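Read through the structure below, which is laid out as structure tokens, and then see the notes.
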Amino acid sequence: MNLTIYASDVRDLDEAIEKQFDISNYYGTSLFDKHGRLIAQHEYEFAIEPHTYLALMMDMQEQINELREELNAKL
């Protein structure tokens with residue numbers, strides 16, 4: 001992640017930092033399902049590098065979803 005800040009941007013520094021940490025600004029809102037959770041990597045329209053934090057979070061969310069489905073099936 002590259003964050004370039006010029007002297008004229010200092011007044012909006014907090015906003016610039018917040019924007020850089022919002023992954024939907026870079027990857028788009030299609031990264032999330034209707035509940036605001038990350039979708040599985042294989043459902044996303046673009047490739048995600050497999051060893052990035054985002055890929056790990058997507059895998060964890062997919063595991064959570066699978067466990068939730070198993071639990072609901074048993075109830």
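The values are calculated or read from the model by the stated rules, or taken from the named source; none is laboratory data. Nothing here was measured: the structure is a model prediction, and the numbers come from that model. Positions of Cβ are backbone-derived with ideal geometry, glycine not excepted, and every protein chain shown enters the neighbour counts.
Annotations for the structure displayed:
- Here is the figure for the range 60-71: residues that are within 15 Å of PHE32 (Cα to Cα) and either among the aromatic types (Phe, Trp, Tyr) or over 11 Å from the mean Cα position of the chain (by Cα) (or both) total 4.
- Some residue of the range 43-66 being farther than 22 Å from MET1 by Cα, hydrophobic (A, V, I, L, M, F, W, C) and modelled with pLDDT under 95: no
- Qualifying residue in the range 49-69 (condition: out of contact with any Leu (no Cβ under 6 Å at 6 or more places or on another chain), of a type in the set (D, E, K, R), exposed (fewer than 11 other Cβ atoms within 10 Å of the Cβ) and not in a loop (DSSP other than H, G, I, E, B)): yes
- Within the option set LYS34, LYS74, LYS19, being more than 10 Å from the chain's Cα centre (by Cα), within 29 Å of LEU3 (Cβ to Cβ) and not polar (S, T, N, Q) holds for one residue only, LYS19.
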